[in-house]
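Read-outs: derived from the displayed coordinates by stated rules, not from any lab. It should be emphasised that the depicted structure is a prediction, and the values quoted were computed from it without experimental measurement. In this analysis, Cβ positions are derived from the backbone assuming ideal geometry, glycine residues included, and neighbour counts consider all displayed protein chains.
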Amino acid sequence: MSWAMELAATTGVRVALFSTFSTAVVALRLHVPKLIDDGIIDECGTVMRNEMIHLSPKMPPVEATEIPWASLGGSPDRMRVFIKNVLKTNPAISLAAAVICNTFEEIESEALDLVPNALPVGPLEAPLASSSSSAAGQFWPEDETCLAWLDAQTRGSVIYVAFGSFTVLDAAHFEELADGLELSCRPFLWAVRPNFTDGVVGEGWLDAFKRRVEGKGLVVGWAPQQRVLAHPSVACFVSHCGWNSTMEALRHGVPFLCWPYFADQFCNQSYVCNVWGTGVKLLADKRGVVTKEEIKNKVAHLLSDEKIKARVAMWKHAACASIAEGGSSHVNLLKLVNLLREQ
């Protein structure tokens, strides 16, 4: 919403921008003009040359086909408008008094160096509510019965599966995922919101699956994710790698099975798997389907990898330290407070 800078400039009001994405994605956004000049993408965002993009020697390379704008879809005219807006608003970012980022210095230091006035204050997380009131920022009704179910499970045993608010799986992917969870022979908690599939999978099929896995797996419409990820029974997180989910899992020390869907999620996956080393990718077969065998095998691999467990614990400690008094994000939050106090 950096267009607000134009209005603010007419009144003398200073502006702090807030990024809902990783700092690496903001840096990629600022890099779009060069991508066009280099002929990697055109002015519609269409990938012309599938090259590896290196923004910094210490940042993970990103395939051109996996930059956020290449996987949004839509008509060429729609994408042209989107890229035009990026080009128009990019210069305004450097004019902001601060670009507030839901990240912390220890995990994105190189990307933060590429974004002017970046102020990392994360991981941002609402307090864990003990009441049945809805969590801040959630629009789906949360099914808190899953918390009592988690209480009854063995510590570090449960596969938690959730794909955020936008991901839609087709019937083939949906059924392979269901079969893969069953095949893993582990307890699982799966959030399946009403519009999670493209409509091909019927309620009858899902009801039959629920009956088949009763006692081992629990399917809910929407879970109180922060409280789930904080629960000691949770062993891993099958995720679309949205940035909020990524930060929440990192904060609570939960390893990832990565299944990105679109936009920035592929970049986030690259950090999880290639930089932080806190997860593994789920790979599709030649048909483009993530099979039940792949899910079963990657779950077993992830949960037996001691190096991943050690890195997950390390980054959890770093995330918690950053928001504690004297930590990097805590210090930056005080800077933001002082910025707000300035006349």
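A few points about this structure:
- Student exercise, region 4-120 dipole from Lys, Arg, Asp, Glu Cβ charges, in Debye to nearest 20: 420 debye
- Simple spin-label estimate for Asp305 and Cys185 gives 2.2 nm between the two label positions (7 Å along the Cα-to-Cβ direction from each Cα).
- Close amide H partners of Phe188, meaning residues 5 or more places away or on another chain with modelled amide H under 5 Å apart, are Ile159, Gly217, Leu218.
- CD proxy at 222 nm, helix term only [per DSSP H run n ≥ 4: -39500 (n - 2.57); per residue of the chain; nearest 500]: -12500 deg cm²/dmol
- Cα Rg, Dmax, region 224-343, angstrom units: 16.7, 61
- Estimated translational D of the chain in µm²/s (Stokes, Kirkwood radius over Cα pairs; 20 °C; 1.002 mPa s): 100 µm²/s
- Note on region 231-280 and region 88-125: Cα centroid distance 20 Å, given to the nearest whole angstrom.
- Phi-based couplings in Hz for region 297-306 (Karplus 6.51, -1.76, 1.60; Gly and Pro marked x): 5, 6, 4, 4, 4, 4, 7, 9, 8, 5
- Extension gain for Ala230 to Arg49 (0.36 nm times residue separation, less C-alpha to C-alpha distance): 60.9 nm.
- Of the Cα atoms belonging to region 298-341, the radius of gyration and Dmax stand at 16.4, 52 Å.
- Förster-model FRET efficiency, 30 Å R0, Arg211 and Val289, C-beta, rounded to 0.05: 0.75
- Residues whose amide H lies under 5 Å from that of Gly279, counting only those 5 or more places away or on a different chain, are Phe256; hydrogens are built 1.01 Å from N in the peptide plane.
- Taking Lys and Arg as +1 and Asp and Glu as -1, the other residues whose beta-carbon sits under 14 Å from that of Gly288 total -2.
- In region 248-329, the trypsin sites (Lys or Arg not before Pro) that fall in loop regions by DSSP, at most 13 other Cβ within 10 Å: Lys286, Arg287
- The H on the amide N of Val15, modeled in the peptide plane, is under 5 Å from the matching H of Ala97, each at least 5 residues off or on a different chain.
- Student exercise, the chain dipole from Lys, Arg, Asp, Glu Cβ charges, in Debye to nearest 20: 360 debye
- Global size of region 4-120 as Cα Rg and Dmax, reported in angstrom: 14.8, 44
- Gaussian network model of the chain, springs between alpha carbon atoms under 10 Å - residue of Gly180, Gly204, Gly277 with greatest fluctuation: Gly204
- Largest GNM mean-square fluctuation among Ser329, Ser245, Ser94, using the chain with Cα springs under 10 Å: Ser94.
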